[in-house]
Amino acid sequence: MSESADKDSKTEEPTEKKIRDAVEKGNLPHSRETAIVASFGAVLVFTLFFLGQSVTDLSLFLGRFLESPEEWPLESERDLETLLGIIAAECGRTVGLLFLFLIIAGIGATLVQHSPQMVGERIRPQWSRVSPAAGWKRLFGTQGFVEFAKSVAKVGLAFVVVYLSLDGVVPQLLSGSISPADAFGHTVLGIATRVLVSLTLTTGLIAAADFVWTRYHWKSELRMTKQEIKDEFKQSEGDPIVKGRIRSMQRDRARRRMIASVPKATLVIANPTHFSIALRYVREENDAPVVVAKGQDLLALKIREIAAQNGIPVFEEVALARSMYKQVSVDSVIPPQFYQAVAELVRIVYAKKGSGGGGRA
């Protein structure tokens with residue numbers, strides 16, 4: 001009951017991270033029917049293009065062997081080993097080519113479904129793979145019954161296809177039995193080809209449906225709950241509460257560093273209580289005034305307080321302070337449009353210093 005409820009709660013599509021983690025662990029969609037249809041296809045290709053010639057060569061060798069046994073002396077163990085080696089080579093030439101086709105088909109079926117990769121998780125020893133309880137659950141669980149039903153349906157369908165393919169074959173075999181050996185061989189080859197074509201087409205349709213189903217089932221098994229998506233987002237992006245605290249600490253450090261720079265300012269431009277911008281201008285350091293601090297409301301009042309404590313002139317320019325606050329940034333020179341207005345204030349500061357004055361302007 002809890003397992004069913006858990007599946008019902010997984011309504012969200014899997015994220016890219018969830019899919020990537022599954023692939024890295026070797027959890028990939030795999031259709032067995034694709035490998036089966038590839039095997040049938042390999043046998044069909046071998047039958048159409050190579051079986052006739054291979055069987056002919058093998059028949060000629062066996063015929064020569066049976067008709068002229070005197071060519072193969074068996075007087076010693078060495079002669080017997082030589083003869084067996086020749087027979088194995090002739091038979092292996094035919095069977096080996098078929099095995100090669102089957103190997104290529106198996107590799108191709110795997111590459112069609114997913115790219116090859118080395119997954120250590122799949123070869124790591126796990127108790128669940130040898131556990132009798134886990135094996136019993138796999139055999140007699142829901143998935144086991146589904147696989148059994150699919151196997152029975154496939155075998156039944158294959159039987160029907162073969163039966164229909166062999167319809168009318170008996171008269172062909174009877175007429176071929178009284179014909180020359182070459183003609184009878186072609187008859188048998190034609191019947192085998194017809195059966196293989198029918199089985200390949202049938203398994204191809206089954207494999208196409210199974211290919212789509214395995215991917216849909218795999219994707220549905222990876223579905224996530226809304227809480228899982230939130231937890232994954234927190235893990236990948238960081239907890240919003242923690243990130244907020246970090247940003248707050250960074251702002252506090254930047255604010256303390258900025259306040260510590262106010263005593264170095266040359267002048268402060270203020271909008272009596274709302275904005276304050278502290279500027280530093282030394283000809284030997286920069287070509288234009290640099291913003292060492294800026295603040296709004298309580299921070300603006302703090303800047304003015306520090307400026308008063310250090311004898312830094314404060315100019316109450318409402319429009320200029322409001323405009324500069326929006327366009328300047330700390331530790332940067334002021335924009336060119338403020339050069340003329342600030343230059344007038346700097347001239348006043350230097351004039352007051354020359355006459356021994358200071359403070360509020």
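So here's what we get for this one:
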item	result
Selection status of ILE306, in contact with a strand residue (DSSP E or B) (Cβ under 7 Å, 6 or more places away or on another chain) and not aromatic (Phe, Trp, Tyr)	no
Residue selected from the stretch 26-69 under the condition at pLDDT below 80 and of a type in the set (S, T, N, Q), by the criterion most open to solvent (accessible area, probe 1.4 Å)	GLN53
Filter pass, LEU279 being over 51 Å from the mean Cα position of the chain (by Cα), under 23 Å from VAL342 (Cβ atoms), at pLDDT 85 or above and not β-branched (Val, Ile, Thr)	yes
Residue list for the stretch 147-181, filter: surrounded by 11 or more Cβ atoms within 10 Å (Cβ to Cβ) and at pLDDT below 75	GLU147, VAL169, GLN172, LEU173, SER175, GLY176, SER179
Single condition ALA208 does not satisfy, out of (1) over 30 Å from LYS353 (Cβ atoms); (2) modelled with pLDDT of 85 or more; (3) loosely packed, with under 14 Cβ neighbours inside 10 Å	(3)
Helices (runs of 4 or more DSSP H) lying entirely in the stretch 249-361 (those with 1 or more residues that are surrounded by 14 or more Cβ atoms within 10 Å (Cβ to Cβ), among the hydrophobic types (A, V, I, L, M, F, W, C) and in contact (Cβ under 8 Å) with a residue 60 or more places away in the chain)	339-355
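The values are calculated or read from the model by the stated rules, or taken from the named source; none is laboratory data. Fair warning: this is a prediction, and the values are worked out from it, not measured in the lab. In this analysis, Cβ positions are derived from the backbone assuming ideal geometry, glycine residues included, and neighbour counts consider all displayed protein chains. Side chains included, ligands, DNA and RNA excluded: accessible areas come from the protein's heavy atoms. Shrake-Rupley method; radii C 1.70, N 1.55, O 1.52, S 1.80 Å.
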